[in-house]
Amino acid sequence: MLTKLVELPLVVQLLAYLPAYLVAGYDVLREAGESIIERKPFNESLLMAIATLGAMCIGFIPGGAPEFAEAVFVMLFFQVGEAFEDAAQGKSRDAVSALVDIRPDVANLLVDGEVHEVSPAQVHPGDILVVRPGERVALDGVVVDGTSNLDTVALTGESVPRSVVAGDSVLSGCVNLNGVLQIRVTKEFGESTASRILDLVENASKGKSTSERFITRFARVYTPIVVAAALVVAVVPPALSGDFGANFTPWLLRALTFLIVSCPCALVVSVPLSFFGGIGAASKKGVLIKGSNYLEALAHADTIVFDKTGTLTRGVFKVRVVHPENISPDELLHLAAHVERHSTHPIAAALREAYPNEQDACIISHTQERAGEGIIAQVNEKTVAVGNNKLMDDIGAHWHECSLGGTTIHVAIDGIYAGHLVISDEVKPHAAQDIASLRKLGVHKTVMLSGDREEVAAAVAQDLGLDEYRANLLPDQKVAKVEEFLTAIPAEKTLVFVGDGINDAPVLARADVGIAMGAMGSDAAIEAADIVLMDDSLNSIADAITLSRRTVSIARQNIVFAIGVKLLILALAALGLAPIWLAVFGDVGVMVLCVLNASRTLQVK
């Protein structure tokens, strides 16, 4: 059939191939025309339009051979590549949407004993929601009735269900697995965890990585240079040959091949797709990254600075040791808890938790709180003082320090020293192992910044194997310390700060990459951070660094491969050694391979 077409007059051949060419290339030609009208002509559509229109016309130039089939072939495969690109991008979007589409459309609002289905946006803090088995929690809140297990995999990536009872906090986006729960709402729908996750992921593409900005600038400069180079290839060699008419056609064909292979779509598509996939994969692991630039910066992490309370430790004070003198341990704890009964201090809460039985025959009276020292009260006609060494000095009790790390609470009865208790925050499980994992990934330095006393910070730093620590720091002093560390690291490396409290917000914003512990972290910290960890696990930091490095590596592979292949085929085209089919591979084939490679970033081990 093709042989018979070749035997027909050129005009007839053109009319035979033209419908197929227009069907295959209508969109490309239209986009090229629109870009010219909008005065933004230098894009891949213009390059492809010029190249294929030239191939359609080259047979009418004296000495030129018809290239109608090649023009249709090029346009057809370009469209196949575009369709493949759209499918890959759609798959990436669907994968990310499936990971984060965790907001239910309805909420079961309990009003006067009756349940009404309403939009979650109509629910306000203080309202009571009913969540049945199999339903997703619509808004953040606190369980007021019922017990159940929650599937939190969409938020944290953790496959083990979390059990909840009355008094426990629950996050929107979790799935209730068995029992019926009644939940008092604590946040508006737009401020709930599920909404915040969606906003973070949907806006992640706004922050472009260095690689993406490079590709954008590259394409903007590269395309006009290629068009100019093609014109030079088509005109200059024939003009220098002395017989322009005889040599113009073969050089024009080389120029058209040059244009086809030079389309930058492989880079323009695959590099952003790589980072988009990396952000999606991270969200599946419970790591929310606000932009490709932060994903890329994390890949170069050299120094990681941690806040202590709530980040390296659980943020919950507990009585660790009871050291009595001439009194039983239970009696010492009993007296201390009663004296601190009405205090709101976290240490008082730890004492009450250690001795919860307050409904006994003890009578507490004449409670006197001394700022910065402790509390003195009458317990069953005994004067009991509970506080620090300053309080003991004031009442003349001969106290002694404890060698164990933590906050030491001294107790004196009727002015006589009765012993002490050590209260400390609990280091998170596997924290030391997680710090070691970061070091294995090549993190050069791990540092802890704390507002706690020197001995407390030293004990935590030693337990976790941190390289350095700083104690007794106010929020502004933490910022100053981070700036010191920033000046000490190499220019190509980055500093990461990890925190959770509202006082960490300034430091999170100052670091190259700020990471907030999302499940327990304050709203201010999450807002200031560049990355949010939904499960408060330090191991998620190592996961995020591994994913970021893998993503950056794949993006760089695509850049090197695409530019390398194109330069090779461009050189062959300039020498007349590259047929049009090879140019098509240099454009569409390279793009398909790069897109396939970029899709690997979506895979999560």
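Details
Table: residues versus (1) crowded, with 21+ Cβ neighbours inside 10 Å; (2) over 26 Å from the mean Cα position of the chain (by Cα).
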position	(1), (2)
413	no, yes
424	yes, yes
440	no, no
443	no, no
463	no, yes
478	yes, no
489	no, no
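- Single condition residue 191 does not satisfy, out of (1) modelled with pLDDT of 75 or more; (2) surrounded by 18 or more Cβ atoms within 10 Å (Cβ to Cβ); (3) touching an Asp or Glu at 6+ places or on another chain (Cβ under 9 Å): (2)
- For region 226-265, the set of residues classified as surrounded by 15 or more Cβ atoms within 10 Å (Cβ to Cβ), of a type in the set (Gly, Ala, Ser) and assigned to a helix (DSSP H, G or I) consists of 229, 230, 234, 255, listed by residue number.
- For region 155-188, a residue qualifies if it is at pLDDT below 65 and either crowded, with 16+ Cβ neighbours inside 10 Å or of a type outside the set (Gly, Ala, Ser) (or both), and the qualifying residues are 155, 156, 157, 158, 160.
- Tally of residues being closer than 17 Å to residue 430 by Cα and in a loop (DSSP other than H, G, I, E, B) across region 444-473: 2
Every residue, every condition in (1) in contact with a strand residue (DSSP E or B) (Cβ under 8 Å, 6 or more places away or on another chain); (2) crowded, with 16+ Cβ neighbours inside 10 Å; (3) on the phi > 0 side of the Ramachandran plot, yes or no:
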position: 564; (1), (2), (3): no, no, no
position: 576; (1), (2), (3): no, no, yes
position: 581; (1), (2), (3): no, no, no
position: 586; (1), (2), (3): no, yes, no
position: 597; (1), (2), (3): no, yes, no
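- Near pairs, Cβ below 8 angstrom, 6+ apart or cross-chain, from region 228-251 (over 17 Å from residue 570 (Cα atoms) and hydroxyl-bearing (Ser, Thr, Tyr)) to any residue that is surrounded by 14 or more Cβ atoms within 10 Å (Cβ to Cβ) and at pLDDT below 80: 241/247; 249/58; 249/61; 249/64
- Test: residue in region 318-327 that is out of contact with any Cys (no Cβ under 8 Å at 6 or more places or on another chain), within 30 Å of residue 434 (Cα to Cα), modelled with pLDDT of 80 or more and surrounded by 18 or more Cβ atoms within 10 Å (Cβ to Cβ): yes
- Yes/no for residue 498 being surrounded by fewer than 24 Cβ atoms within 10 Å (Cβ to Cβ), in contact with a Phe, Trp or Tyr (Cβ under 7 Å, 6 or more places away or on another chain) and modelled with pLDDT of 75 or more: no
- First in region 386-402 and within 14 Å of residue 421 (Cβ to Cβ), second anywhere and of a type in the set (Phe, Trp, Tyr), Cβ under 6 Å, 6 or more apart: 389/399; 392/399; 399/417
- In region 273-321, the qualifying residues are those that are part of a helix (DSSP H, G or I) and basic (Lys, Arg), and the one that is nearest to residue 458 (Cα to Cα) is 308.
The values are calculated or read from the model by the stated rules, or taken from the named source; none is laboratory data. Bear in mind that the values here come from a model prediction, so they are computed numbers and not experimental data. Neighbour counts run over all protein chains shown; Cβ positions are idealised from the backbone, glycine included.
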